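The values are calculated or read from the model by the stated rules, or taken from the named source; none is laboratory data. Computed from a prediction, not measured in an experiment: that's the story for all the values here. Don't worry about glycine lacking a Cβ; one is built from the backbone with ideal geometry, like all the others, and counts go over all protein chains shown.
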Amino acid sequence: MEPGKLARGVRLRGLTPEGSVRVEDVRPLGSALRITYRTPSGRLEEALLYPEDLRGLEVEEEARPPLDAPGDLFRLAAEAKRIQYAYLFDPWMAVHTSLVEPLPHQIEAVYGHMLPKNPLRFLLADDPGAGKTIMTGLYMRELALRGALERALVVAPGSLVVQWQEELWEKFRLRFEIFSRSWLENSLENPFRKHPYWLARLDQLARFPEVAERALEVDWDLVVVDEAHKMSATYYGLEVKATRRYRLGQQLSERAKHLLLLTATPHRGREEDFRLFLALLDPDRFAGRPRAGSPAPDTQGVWLRRQKEDLVRFDGTPLFPERRAYTVAYSLSPEEMALYEAVTAYVREEMNRAESLEEEGRRRTVGFALTLLQRRLASSPLAITRSLERRRKRLEARLSEVRRGLVPGFPLLEEEDIEELEEFPTEELEGAPEVLDQATAARTAAELEAEIRTLKALEAQAKRLLGEEQDRKWQELRRLLESDLIRGRKLIVFTEHRDTLEYLEKRLSTFLGRPEAVVVLHGGLSREERRLRQARFAQDPKVALLVATDAAGEGVNLQQAHLMVNYDLPWNPSRLEQRFGRIHRIGQTEVCHMWNLVAANTREGEVYLRLLEKLEEQSRDLGGRVFDVLGQLFQDHPLRDLLIEAIRYGEDPEVRARLFRKVE
């Protein structure tokens with residue numbers, strides 16, 4: 001080999017037994033040459049070569065790729081490479097390859113706040129109806145186009161997973177599998193490794209360790225948690241009381257490169273609990289309980305919240321129309337008031353007896369069962385009549401077992417279960433939950449007999465009232481239906497209980513004279529049947545009224561209507577906003593109106609009436625933000641606790657005054 005052929009970039013064969021090397025540098029050194037070369041394994045080495053050493057070396061010709069491949073395959077390869085790098089030239093690639101037309105605030109969230117963060121640890125907390133699913137899908141699509149989304153997990157309440165699956169496929173062509181126990185039972189390997197993208201029910205992961213363990217074996221590129229405020233924790237003294245869902249959130253946070261939390265109610269008013277919530281995103285930044293009077297933590301870059309009134313279209317016009325809420329206060333008739341006082345006395349007496357129970361779980365379950373009875377009392381004559389009847393029959397069955405020497409028990413609810421039922425009512429809660437109708441503080445046959453006698457008397461009183469058909473609450477609804485604002489327009493009526501839904505369906509059909517004009521939605525319907533009924537309400541001009549329970553209304557979009565009545569008021573006030581969000585969403589063009597029916601001369605009604613007055617007052621001060629102040633109103637005292645206190649001690653003027661001060 002001639003010395004002149006030895007130059008940088010040449011490949012030499014014969015210098016090392018490993019194979020050919022690449023020359024990186026050549027320097028003359030007298031009659032010799034000092035070369036720096038790179039071995040096949042990538043190491044840099046040096047050698048001093050004399051003329052006699054060059055005789056054993058050969059220059060290896062660079063291999064040239066063949067140019068005889070089919071042209072169509074070359075075009076496919078070039079197109080694949082172009083698509084791979086398309087995001088470098090089109091910064092909104094997901095927008096242009098998805099079946100959506102995103103709005104300004106959605107583009108701002110994804111491309112202005114989320115994509116620039118790597119890794120992403122973020123809380124998206126826009127108002128209901130702002131399109132958080134769309135924003136999440138755009139972000140996922142963008143990651144997928146960049147080759148950065150090999151494994152993704154979406155964790156959502158059970159009632160929403162199918163909706164998530166449909167939207168991610170229909171709008172973004174992202175195919176997610178819904179996890180079920182059958183995957184676990186029919187797979188020898190970890191099912192979460194079989195497919196890249198998964199949807200899992202929140203409580204399925206939180207309640208069953210064997211499922212969570214499999215999910216936590218995977219290193220996820222992205223974990224999304226919908227309704228993330230359910231992953232809650234709170235301080236009790238110096239200790240943190242973490243729910244199962246919160247602990248799951250901590251574990252998922254450790255296994256995810258990107259973590260995105262979604263909720264419309266991120267802040268319940270307690271700054272220290274909000275700090276615990278943000279610790280799911282950044283445990284170091286938000287560690288420890290803040291001292292009293294200390295400034296709020298710096299949350300810049302961690303979360304984003306926009307209210308409906310602030311969102312606009314591309315032309316600068318408001319995205320959402322105005323929303324207005326009205327309080328319709330009415331007074332119970334003397335007969336209704338007599339039943340109310342009798343049932344409330346029973347509830348108060350049983351609550352006092354439950355307080356003496358040693359077992360906390362039983363005490364909590366009995367207390368919740370009694371509050372549910374009180375709420376059905378306020379709902380409708382049919383609801384309270386059937387509730388008293390069911391409870392009496394189940395306690396009679398329990399008494400029979402006690403007389404045979406058995407010690408019957410009943411399933412106990414944990415605090416998390418009650419919070420779940422309050423926020424996400426299920427088909428069971430809206431119907432007749434056996435666990436609650438049989439929960440009692442009675443421990444002996446004599447105590448059961450006494451309670452059954454009381455229930456029989458209350459049941460007879462309720463049946464008489466039902467037969468009279470002089471329900472003041474129904475009369476207020478009928479008066480609304482005859483008003484100019486509602487007459488001839490589509491209206492949605494929300495109730496909490498299936499019995500009341502049946503009651504309203506019958507009375508409304510009779511009032512309108514056309515049974516086909518009323519459509520009902522409840523949790524017992526299949527998803528397909530709900531869709532059919534929803535479509536009937538939206539498209540059939542003969543259908544004027546939709547009566548729905550909260551369990552059926554979850555995830556349902558009804559912006560074809562702009563009028564709503566809350567026949568029953570939820571004890572979790574954030575559900576007022578969730579209900580309003582069914583009609584006050586993207587695509588709504590009319591001013592939205594909502595009426596809240598409340599019995600002003602009941603103990604809990606007085607508290608709720610004061611709350612609604614306070615909401616209307618603050619709404620005016622805040623430019624129409626109707627329910628955005630709920631977290632501030634109940635910073636230290638949940639509404640449910642205030643209503644229970646009103647039921648138990650509301651006849652005391654001092655207690656009533658204290659409750660009003662808490663609402664104020």
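Being basic (Lys, Arg) and closer than 28 Å to Gly131 by Cα, is that true of even one residue in the stretch 277-299? Write out each step before concluding.
At the first step, the residues of the stretch 277-299 found to be basic (Lys, Arg) are 285, 289, 291.
Filter once more, so that each one left must be closer than 28 Å to Gly131 by Cα: none.
No: the stretch 277-299 contains no residue that is basic (Lys, Arg) and closer than 28 Å to Gly131 by Cα.
What are the pairs with Cβ atoms under 8 angstrom where one residue, in the stretch 157-170, is of a type in the set (Gly, Ala, Ser) and the other, located anywhere, is in a helix (DSSP H, G or I)? Sequence gap at least six, or different chains.
Gly158/Leu202; Gly158/Asp203; Gly158/Gln204; Ser159/Ala551
Residues in the stretch 152-175: is at least one part of a loop (DSSP other than H, G, I, E, B) and of a type in the set (Gly, Ala, Ser)? Spell out how you get there, then give the answer.
From the stretch 152-175, those part of a loop (DSSP other than H, G, I, E, B) are 157, 173-175; that's our starting set.
Narrowing further to those that are of a type in the set (Gly, Ala, Ser): none.
No, every residue in the stretch 152-175 fails to be part of a loop (DSSP other than H, G, I, E, B) and of a type in the set (Gly, Ala, Ser).
Only residues in the stretch 77-101 that are surrounded by fewer than 14 Cβ atoms within 10 Å (Cβ to Cβ) count as the first member; pair them with residues that are at pLDDT 85 or above and of a type in the set (Phe, Trp, Tyr), Cβ under 8 angstrom, at least 6 apart or cross-chain, and list the lot.
Filtered contacts from the stretch 77-101: Pro91/Tyr111; Leu99/Phe172.
Check whether at least one residue in the stretch 183-202 is touching a Ser or Thr at 6+ places or on another chain (Cβ under 8 Å), modelled with pLDDT of 90 or more, surrounded by 19 or more Cβ atoms within 10 Å (Cβ to Cβ) and of a type in the set (Lys, Arg), and report yes or no.
Step one: filter the stretch 183-202 for residues touching a Ser or Thr at 6+ places or on another chain (Cβ under 8 Å), giving 194.
Filter again for modelled with pLDDT of 90 or more, leaving 194.
From the residues that got through so far, the ones that are surrounded by 19 or more Cβ atoms within 10 Å (Cβ to Cβ) too are none.
The answer is no, given that none of the residues of the stretch 183-202 is touching a Ser or Thr at 6+ places or on another chain (Cβ under 8 Å), modelled with pLDDT of 90 or more, surrounded by 19 or more Cβ atoms within 10 Å (Cβ to Cβ) and of a type in the set (Lys, Arg).
Output yes when any residue across the stretch 44-57 is under 16 Å from Glu2 (Cβ atoms), of a type in the set (D, E, K, R), in contact (Cβ under 8 Å) with a residue 40 or more places away in the chain and not in a loop (DSSP other than H, G, I, E, B), and no when none is. Show your work before the answer.
Initial filter on the stretch 44-57 (under 16 Å from Glu2 (Cβ atoms)): 49-57.
If we keep only those that are of a type in the set (D, E, K, R) as well, we get 52-53, 55.
Filter once more, so that each one left must be in contact (Cβ under 8 Å) with a residue 40 or more places away in the chain: 55.
Within this subset, residues satisfying the condition of being not in a loop (DSSP other than H, G, I, E, B) are none.
Checking the stretch 44-57: not a single residue is under 16 Å from Glu2 (Cβ atoms), of a type in the set (D, E, K, R), in contact (Cβ under 8 Å) with a residue 40 or more places away in the chain and not in a loop (DSSP other than H, G, I, E, B).
Residues that are surrounded by fewer than 20 Cβ atoms within 10 Å (Cβ to Cβ) and over 32 Å from the mean Cα position of the chain (by Cα), at least 2 per element: which helices (runs of 4 or more DSSP H) completely within the stretch 334-411 meet that? Walk me through it before giving the result.
Numbers: elements: 334-355, 360-379, 381-403.
Ranges flagged: 334-355, 381-403.
What's the number of the condition Leu138 fails, among (1) under 24 Å from Arg285 (Cβ atoms); (2) in contact with a Ser or Thr (Cβ under 8 Å, 6 or more places away or on another chain); (3) modelled with pLDDT of 95 or more?
So Leu138 meets the others, but not (1).
Limited to the stretch 471-505, what total is found for residues that are in contact with a Pro (Cβ under 7 Å, 6 or more places away or on another chain) and modelled with pLDDT of 95 or more?
Counting residues in the stretch 471-505 that are in contact with a Pro (Cβ under 7 Å, 6 or more places away or on another chain) and modelled with pLDDT of 95 or more gives 0.
Just to be sure I understand, how many residues within the stretch 15-29 are exposed (fewer than 12 other Cβ atoms within 10 Å of the Cβ) and farther than 15 Å from Gly4 by Cα?
Looking only at that region, the number is 2.
Just for the stretch 529-570: of the residues that are modelled with pLDDT under 85 and of a type in the set (Asp, Glu), which one is nearest to the chain's Cα centre (by Cα)?
Looking at residues that are modelled with pLDDT under 85 and of a type in the set (Asp, Glu), I get Glu554.
Report yes if Pro102 is touching a helix residue (DSSP H, G or I) at 6+ places or on another chain (Cβ under 8 Å) and part of a loop (DSSP other than H, G, I, E, B), otherwise no. Step through it out loud before you land on a result.
Working: touching a helix residue (DSSP H, G or I) at 6+ places or on another chain (Cβ under 8 Å): yes; part of a loop (DSSP other than H, G, I, E, B): yes.
So Pro102 passes the test.
Looking at the stretch 435-465 only, could you name the residues that are in contact with a Lys or Arg (Cβ under 9 Å, 6 or more places away or on another chain) and loosely packed, with under 15 Cβ neighbours inside 10 Å?
Ala445, Lys456, listed by residue number.
Taking Gly137, is it of a type in the set (Gly, Ala, Ser), touching a His at 6+ places or on another chain (Cβ under 8 Å), buried (at least 20 other Cβ atoms within 10 Å of the Cβ) and touching a residue at least 12 places away in the same chain (Cβ under 8 Å)? I'd like the intermediate steps shown before the answer.
On the way: of a type in the set (Gly, Ala, Ser): yes; touching a His at 6+ places or on another chain (Cβ under 8 Å): no; buried (at least 20 other Cβ atoms within 10 Å of the Cβ): yes; touching a residue at least 12 places away in the same chain (Cβ under 8 Å): yes.
Against the criterion (of a type in the set (Gly, Ala, Ser), touching a His at 6+ places or on another chain (Cβ under 8 Å), buried (at least 20 other Cβ atoms within 10 Å of the Cβ) and touching a residue at least 12 places away in the same chain (Cβ under 8 Å)), Gly137 does not qualify.
Restricting attention to helices (runs of 4 or more DSSP H) lying wholly within the stretch 470-587, give those where 3 or more residues are under 26 Å from Gly131 (Cβ atoms). Talk me through it step by step, then tell me what you get.
Values: elements: 472-481, 498-512, 527-539, 550-553, 574-580.
In the stretch 470-587, 527-539, 550-553, 574-580 are the helices (runs of 4 or more DSSP H) which contain 3 or more residues that are under 26 Å from Gly131 (Cβ atoms).
Being in contact with a helix residue (DSSP H, G or I) (Cβ under 8 Å, 6 or more places away or on another chain) and either assigned by TED's automatic domain parsing to the domain that holds Arg375 or among the basic types (Lys, Arg) (or both) is the filter here, so list the residues in the stretch 475-501 that pass it.
Arg478, Arg487, Lys490, Arg498 - these are the residues of the stretch 475-501 that are in contact with a helix residue (DSSP H, G or I) (Cβ under 8 Å, 6 or more places away or on another chain) and either assigned by TED's automatic domain parsing to the domain that holds Arg375 or among the basic types (Lys, Arg) (or both).
Of the residues that sit in the stretch 466-488 and are acidic (Asp, Glu) and over 12 Å from Val328 (Cα atoms), which one is surrounded by the fewest Cβ atoms within 10 Å (Cβ to Cβ)? Walk me through it before giving the result.
So the first thing to find is which residues in the stretch 466-488 are acidic (Asp, Glu), and the list is 468-469, 471, 476, 482, 484.
From what is left, the residues that are over 12 Å from Val328 (Cα atoms) are 468-469, 471, 482, 484.
Details: Glu468: 12, Glu469: 9, Asp471: 20, Glu482: 9, Asp484: 7.
So the residue we want is Asp484.
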